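To keep things clear, I will list the structure first and then write my remarks on it.
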Amino acid sequence: MKRNAGWCLLAVMLAASAAGAKAAGAETPPADARADYGVTLAMSGDAARAESVFVTMLSHTHGDARALNNLGNLRLLHGETGVALAFYDRALRGDSLDAGVHLNRATALLMLGDQARAEQSYALGVRLAGGVDQAQHLLGLPPEQANVERAAQKTVLDPEQIRAMLKKAAASVPADTAKAGAANPAAPGKQKSAWRSAGPRAADGSENIRLLYWKH
């Protein structure tokens, strides 16, 4: 039931964005300013207002990859992983070379238990970012020596696991395979998820927000 509700929310958002494009006034803030403002709201914990800003962006620029990626992040943090994946897929239609969106998509796939496609998406994200270090920077991963200090914090997104997946995928998945996996929506058989989660109550924590790529 929760999954169906999430998909309904996605449909309503996209329909509202299309309708809003016709009714929008002539004077609106620059798109870059709206994107920055929405990300600032999300980082400060005001998810509802951030979502409103991103939906407004879609009403003015249908298919805006920034708004779609960032809405995906909000859905992921809210526990609606399947809906988040749909937003990331739509964002990639508008900007298929954005490494950060591929990395977010990979995390969503991993949380859904789709290990094979997650590795492919991580590999492509690392390749587009220019390496593991750059990919870690995009995702706001803390320095490796900081893991011990952060181990006691409850987070839905596990920085150590994400880092390990980035390194494994970059080292083991050929470039051609990664590109094919990102373009092909057909998923191989799902494996049991190895994702370590602290539970849905941790989804509002700032550490989770900073372990995703936010598109400005």
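Here are the numbers for the structure shown:
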| item | result |
| --- | --- |
| Wholly enclosed helices (runs of 4 or more DSSP H) of the range 102-174 bearing at least 2 residues modelled with pLDDT of 85 or more and crowded, with 16+ Cβ neighbours inside 10 Å | 115-129, 132-138, 159-172 |
| Where a residue in the range 45-71 is closer than 15 Å to VAL83 by Cα and its partner, wherever it lies, is among the β-branched types (Val, Ile, Thr), with Cβ under 6 Å and at least six apart | ASN69/VAL101 |
| Residue selected from the range 46-105 under the condition under 10 Å from the mean Cα position of the chain (by Cα) and among the hydroxyl-bearing types (Ser, Thr, Tyr), by the criterion nearest to GLN120 (Cα to Cα) | TYR88 |
| Index of the failed condition, HIS60 passing every other in (1) under 23 Å from GLY45 (Cβ atoms); (2) of a type outside the set (Val, Ile, Thr); (3) modelled with pLDDT under 95 | (1) |
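The values are calculated or read from the model by the stated rules, or taken from the named source; none is laboratory data. In this text the structure is predicted, and so the values were computed from the model without any measurement. All Cβ positions, even for glycine, are placed from backbone atoms using ideal geometry, and neighbour counts span all protein chains on display.
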